Amino acid sequence: MESASEPQPVSFDQKEMLRPYPIIRMLSGALGILAGFWTSDIRILFTAALAVSALVVVAGIGRRYAALCLKVFLPLSLGLLLVWGGIMGAPPGTPIGADRIGGLTFAMLVVLRLLVASGISQLCILAIPSHELPQVLSVCGIKGDLLASVVAAFALVPELELRTQQVLTARYARGLSKNRSFFGLMAHIPLLLRPVLTWTLRSSIHRSELWSQRRLIERLEARSSDLRWSRLASIVWLIPACAWFAYAALARFQG
Amino acid sequence: MNSLQDSHQLKGIVPRNVTVVRGPNFSGRTDFLRAFAAAAAGHSGNNNNGLGAYVPAEVYNSLSGLAVTVKEEIELHAQSVACLASAQHLFSELGIDHLYGRSPFTLSGGEQALLAVTSALALQPRHLAVDCALEQLDTDFRTATLNYIESARHADATILIADNRLAEYRMASSAWLAVDMSPAPERGAGSLTFPSGMATSIPKPVKITLDGLSFKYPGGADVLRNVSTDLEPGNIYLLSGKNGTGKSTLAKLLCGVLRPTKGKIVFDNRETEPWKAPGQTVAYHFQNPDLQLFAMSVDEELQLGLQATKTAAQPGILTKDSLLALFALRGLLEEHPLDLPFVLRKRVAMAATLAMHCSWVILDEPTLGQDQASIRTIAEVINLLAGNGLGVVIINHSDEFRSLLAKPKTLRLSGAGGLVQ
């Protein structure tokens, strides 16, 4: 580990082909989400949802997206279909029971829009490797303490998940819990809140001390010039986003 | 501690060398190491950027949280390609290259300790302080890590190591030095002392039989394969094996936190399913106390232990009062466990485990962070418990601690996941 006179700096694995300019990434994402909410054609939304799902798989976050779909969108879809297609039997603004198909279509529209928006958000943010996040945000103009806060916020969610699991394990090990079914886990929630919250605050203190002492965020920020952005990837991101946005805007404002 | 002002008062620390910092618990060693690492800021040298790194005993807190894999964690820290190559060489030498693709949070305690030290060294810090993290390493990992630290003693770095297994540091280099910190009892609860004439009230002895026990984590390789053995009550078993061979996993299977993928666990000739009622026959003390403690006060932690097995207060060593006296926790009942220093957190976790009043207790690295006097007391307690019929399994890498235990039997987990007796 003896250092040479001019040590060669470290650079992460370069996947330039997949890396659009950060501004383009965020802009494309914003356009895509807006277009999703402006589109009322269920076939186009369905196609967009399929395309986003495929991209999510290509980006390597398919499993996480699938979990979100199963745990959030599937129950949400069933609930909305039941309410608007079954109970109300009509879309909003229409007399109850007057248009069951319209009610079902409205429910599907809501679900598909949320599906597309969350897929695009995941593509824009979660598909960025965590060690590249400070660099990408830095290029987008988020720097210094604000950068550290934003990165810490992203690090918090997986940590909360992990700590919840740890507290559950500790409760099992200490003979305080036996029921591991879904309902058993639900019953644990009130008992988990305090320890998880306390631990999260402590963890944030440790992490800020570690980051500051080792200057990890500063060093990552400084490495942002090492990252290479791909023009081709930027074009590939921007063109479909612009095209869809233009279509959605025209459809919305020209009736 | 006022940063480096106090540290200069410690004679014997030579810049650009490795120094072993000795001292009893509560001598201010941890504060000193933290201040030492923090004091690096602003001092730029020839080969570093004035960075400091402190590696705590709870190595979990030394992970950046910014990396998805071990490889990324090291890359994140590495000052140069040479540092990366050096870390990679260490992992290859230990035959654990496969860990590079794993999440740092899924590693075993020893592996996390190795990663924490490796990452910190890859920073090429001006000041590096390692606080008891090396105690969690097995002989091979420890030897390789000490040699790595020795080779990393580059021109502008000063390295401090605090550890209670001092004898084992002599092997790394004759150039290394040692300094002593004087005891300051008013700073904390002091070393453990064994109360004389303490009686014991031990739950009903239970014999455990493991029959072809296997386990693998979802999506992972087999951790344990076909483990079969009998564990007789009243004995002390030392569960040994290299870091990452599944010692803690076996402990979690025994206490019922995990369910075996194959095989049977038999309590007193009755096939049982401990995962359906965990923590009733076997109590498990975690290696990292932070993963075990979750109550809002020390008092509550101990009460939870008693509540778990619905034990009525009985005279003896396993009552709350006795445990408080034994682990020197009397004045800390209202404290939040996570506000205490590591040494005390470890003691609270141990006391809470014993308070469960189970027939068996598994202690994972019970001596971690404890000074020599406390280690001797812990050994005495274990000997007393085993002598009265309690079954004890200990996961520990220290030969010195082993020598203090009464007739311990060794169970060694091989790298292939099997048990070698």
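The values are calculated or read from the model by the stated rules, or taken from the named source; none is laboratory data. No experiment lies behind these values; they were computed from the predicted model shown. We place every Cβ from the backbone using ideal geometry, glycine too, and count neighbours over all the protein chains shown. Note: accessible area is taken over every heavy atom of the protein model, side chains too, but ligands, DNA and RNA are not part of it. Shrake-Rupley method; radii C 1.70, N 1.55, O 1.52, S 1.80 Å.
Rounded if a/c is under 1.5, else prolate if a/b is larger than b/c, else oblate: which is the protein assembly as shown, with a ≥ b ≥ c the root eigenvalues of its Cα gyration tensor?
Working: a/c = 2.21, a/b = 1.36, b/c = 1.62.
It comes out oblate by the Cα gyration axes.
Rounded to a whole number, what % of the accessible area of segment A:133-226 do carbon and sulfur atoms account for, probe 1.4 Å? Numbers along the way, then the final one.
Working: 3080 of 4570 Å².
With neighbouring chains kept in place, the figure for segment A:133-226 is 67 percent.
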Take every DSSP beta bridge whose two residues both sit in the protein assembly as shown, then give the antiparallel share in percent to the nearest 5. 30 percent
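Loop by DSSP (not H, G, I, E, B), at most 13 other beta-carbon atoms within 10 Å: where is the longest site-free stretch of chain B for trypsin sites (Lys or Arg not before Pro)? Walk me through the numbers on the way to the answer.
On the way: sites that count: B:Lys11, B:Arg16, B:Arg170, B:Lys310.
No qualifying site falls inside B:17-169, the longest such stretch.
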Output the residues of segment A:165-184 meeting this criterion: accessible area (heavy atoms, 1.4 Å probe) in the chain alone minus accessible area with all protein chains in place is 40 Å² or greater. A:Gln166, A:Thr169, A:Ala170, A:Ala173, A:Arg174, A:Gly175, A:Leu176, A:Lys178, A:Arg180
If you project the alpha carbons of chain B onto the principal axes, what extent comes out on each, in Å, largest first? 66, 48, 37
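So if each residue of separation counts as 0.36 nm, and I subtract the Cα-Cα distance between B:Asp339 and B:Thr106, what length gain in nm does that give?
Numbers: separation 233, 0.36 × 233 = 83.88 nm, distance 2.51 nm.
That works out to 81.4 nm of additional length.
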In Å², what does the accessible area per residue of the protein assembly as shown work out to with a 1.4 Å probe? 42 Å²
Say we join alpha carbon atoms closer than 10 Å with springs in a Gaussian network model of chain A; which of A:Phe182, A:Phe37, A:Phe73 then has the biggest fluctuation? A:Phe182
How would you classify chain A from its alpha-carbon gyration tensor, with a ≥ b ≥ c the square roots of the eigenvalues: rounded for a/c under 1.5, else prolate if a/b is greater than b/c, otherwise oblate? oblate
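Working out 0.36 nm times the residue gap between A:Gln165 and A:Leu70, then minus their Cα-Cα distance, what length gain in nm do you get to one decimal?
Details: separation 95, 0.36 × 95 = 34.20 nm, distance 2.01 nm.
Value of the extension gain: 32.2 nm.
Taking the Cα centre of segment A:133-226 as origin, sum charge times position over the Cβ atoms of Lys and Arg (+1) and Asp and Glu (-1), and report the length of that vector in debye to the nearest 20. Walk me through the intermediate numbers first.
Details: 13 positive and 7 negative charges, 104 e Å.
Using only the charged Cβ atoms, the result is roughly 500 debye.
Provide Rg over Rh for segment A:133-226; use the alpha carbon set for both Rg and the Kirkwood Rh (inverse mean inverse pair distance).
Numbers: Rg = 17.5 Å, Rh = 15.3 Å.
Rg/Rh for segment A:133-226 comes to 1.15.
Compute the length gained on full extension between B:Asp399 and B:Arg259: take 0.36 nm times their separation in residues and subtract their Cα-Cα distance, giving the result in nm to one decimal.
Working: separation 140, 0.36 × 140 = 50.40 nm, distance 3.14 nm.
Net length gain for the segment: 47.3 nm.
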I'd like the residues of segment A:201-215 whose 1.4 Å-probe accessible area shrinks by no less than 10 Å² going from the isolated chain to the full set of protein chains. A:Arg202, A:His206, A:Arg207, A:Glu209, A:Leu210, A:Trp211, A:Gln213, A:Arg214, A:Arg215
Using alpha carbons only, how many degrees (0 to 90, rounded to 10) separate the axis of helix B:139-151 from the longest principal axis of chain B? 10 degrees
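With helices defined as uninterrupted DSSP H runs, which ones in chain A have an alpha carbon span along their own long axis of at least 18 Å and mean Kyte-Doolittle hydropathy of at least 1.6? Mind dumping the intermediate values first?
Details: long enough: A:22-38 (24 Å, 1.42); A:42-58 (24 Å, 2.42); A:100-121 (32 Å, 1.65); A:144-173 (42 Å, 0.71); A:182-214 (43 Å, 0.23); A:231-253 (32 Å, 1.34).
Span-like helices in chain A: A:42-58, A:100-121.
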Pop out the carbon and sulfur fraction of the accessible area of chain B as a percent, whole number, probe 1.4 Å. 50 percent
In square angstrom and rounded to 100, what buried accessible area do you get between chains A and B, total over both, with the probe at 1.4 Å? 5000 Å²
